[in-house]
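The structure appears below as structure tokens.
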Amino acid sequence: DRPRAEAAAALDRLRALGLRCSLLSGDRPEAALAVAQPLGFRDEDDVHGGLLPQDKLGAIHAWRARGEQVAMVGDGLNDAPALAAADVGIAIGAGGRGTDVAAQASTLTLLHDDLRRIPEGLVLARRTLRVIRQNLFWAFGFNALMLPLAMAGQLHPMGASAAMAASSLLVLGNALRLRRA
């Protein structure tokens, strides 16, 4: 197979995000290496060719056994077991029989075949997690500060309710920043 036109850009972006990328292919090892070089794979240890579905599954299990978090991207029937075993399975494409099986086995399914959506989704997920942590900090921080003051009678009930509303608005405003992502 030839690599998708956007595959090199997607892999470069994933590597820039700090991820290690590997190629698991059912094609002959020589063909897998030939496809891997234009995609920026420099280490032959990251290119595995001639794999059967159980071999791909074994690679996923080996990485997970070493404590690595594994995302698997696949588009066919042969990828389904590995997609199901990965921490995050990402199926690409829709409509074919093999892609339907891959979509059912995966955690996520890209409705478009554009691989650049994967790093975009990862960036959005990381931003979302950061916002969730910030919102939890502000909500718990507010309660840790304001509740003792209210219980001690040092905070007027109207002031406490205004502070609670301000805290809720802060959390909501912080979450709405994700719309710009």
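The values are calculated or read from the model by the stated rules, or taken from the named source; none is laboratory data. Fair warning: this is a prediction, and the values are worked out from it, not measured in the lab. Backbone-built Cβ (ideal geometry, glycine too); neighbour counts: all protein chains shown. Calculation scope for accessible area: heavy atoms of the full protein, side chains included, ligands and nucleic acids excluded. Shrake-Rupley method; radii C 1.70, N 1.55, O 1.52, S 1.80 Å.
Of the residues making up region 34-76, those that are more than 20 Å from PRO119 (Cα to Cα) and small (Gly, Ala, Ser) are ALA34, GLY49, GLY50, GLY58, ALA59, ALA62, ALA65, GLY67, GLY76.
Of the residues making up region 34-44, none is among the polar types (S, T, N, Q) and in contact (Cβ under 8 Å) with a residue 24 or more places away in the chain.
Do you know which residues across region 96-135 are in a helix (DSSP H, G or I) and open to solvent by 90 Å² or more (accessible area, probe 1.4 Å)?
Passing the criteria: ARG97, GLN104, ARG117, GLU120, ARG126, ARG127, ARG130, ARG133.
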